[in-house]
Amino acid sequence: MTNSIVRLAVFVLCFIPFCLAGQNTPLAPTVRMLLEGNLEYGGDDLVTVFFTNGEDQRMTAGQGGTLAVGGEYKPTGVPLLLRATIGIKYNTEAADNANINFVRYPLNALGYVTFAKGFRAGAGLTTHLGARLKGDGFVDDVKFDTSLGTRFEFGWKWVAVTYTRLTYEAPFAGSFDGGSFGVSFSTTIPGSY
């Protein structure tokens, strides 16, 4: 009798994955590691760099590229998704003899509604920690206060368009609109698409 129970248990345990393969929802919520990269542009001018050839380059408060890491949580049975990331957002100018840059560390937390075929729409909060403009002796260095803003995304699988609304403030420098439009690329580990 013990052999029969063991065989039945092995059969059931081996058969369950095939039964569940046809299900549309997983048995348990999923948690994945999230890797993200963004390219964004917008906001007020922070610095205009003038080159010896007569050209110039503007550096805006919302401009930059971001690399981030975080997590994604997908609850069972509901079309919702939560994502949180921490990253570094960097912008520099193209001069050979200077390194003027604007660095900040975005912390994002967004909730999404998911749709068929991998589409998603999300909104949430962002805060940019340690925002600092380094002038490299050509302009004054400026340390900005930590700022809280909102972030919106509409995406399909691994790509999304983004809008961030944020204001940077610094003593003696005033406030700057750091809002931006951008494109975001993301993947989860293990992958979900």
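The values are calculated or read from the model by the stated rules, or taken from the named source; none is laboratory data. Please read these numbers as outputs of a predicted model, since none were measured by experiment. A quick note on method: Cβ atoms are made from the backbone with ideal geometry, for glycine too, and the neighbour counts reach across all protein chains shown.
Looking across the range 130-146, not a single residue is of a type in the set (A, V, I, L, M, F, W, C) and surrounded by fewer than 14 Cβ atoms within 10 Å (Cβ to Cβ).
On the given criteria, is Thr48 farther than 20 Å from Thr188 by Cα, touching an Asp or Glu at 6+ places or on another chain (Cβ under 6 Å) and hydroxyl-bearing (Ser, Thr, Tyr)? When the stated conditions are applied, Thr48 passes them.
For the range 125-173, please list each of the strands (runs of 3 or more DSSP E) lying entirely inside it that holds at least 1 residues being at pLDDT below 95. Break it down into steps so the answer makes sense when it comes.
Working: elements: 147-156, 159-165, 167-170.
Passing ranges, in order: 147-156, 167-170.
Report whether or not Leu110 is in contact with a strand residue (DSSP E or B) (Cβ under 9 Å, 6 or more places away or on another chain), aliphatic (A, V, I, L, M), touching a residue at least 40 places away in the same chain (Cβ under 8 Å) and more than 17 Å from Gln63 (Cα to Cα).
Numbers: in contact with a strand residue (DSSP E or B) (Cβ under 9 Å, 6 or more places away or on another chain): yes; aliphatic (A, V, I, L, M): yes; touching a residue at least 40 places away in the same chain (Cβ under 8 Å): yes; more than 17 Å from Gln63 (Cα to Cα): yes.
For Leu110, the condition - in contact with a strand residue (DSSP E or B) (Cβ under 9 Å, 6 or more places away or on another chain), aliphatic (A, V, I, L, M), touching a residue at least 40 places away in the same chain (Cβ under 8 Å) and more than 17 Å from Gln63 (Cα to Cα) - is met.
Just so you know, in the range 71-86 the residues that are buried (at least 19 other Cβ atoms within 10 Å of the Cβ) and out of contact with any Asp or Glu (no Cβ under 7 Å at 6 or more places or on another chain) include one that is farthest from Gly191 (Cα to Cα), and it is Lys74.
Annotation note: Cβ proximity below 7 Å between a residue of the range 136-164 that is closer than 28 Å to Phe115 by Cα and a residue that is outside any strand (DSSP E or B) (sequence gap 6+ or interchain) occurs for Gly149/Leu166; Trp156/Gly118; Lys157/Gly118; Lys157/Tyr193; Trp158/Tyr193; Thr164/Gly62; Thr164/Gly179. If the condition is being closer than 14 Å to Gly43 by Cβ and crowded, with 20+ Cβ neighbours inside 10 Å, then the range 152-178 contributes Thr162, Thr164, Leu166, Tyr168, Phe176, Gly178.
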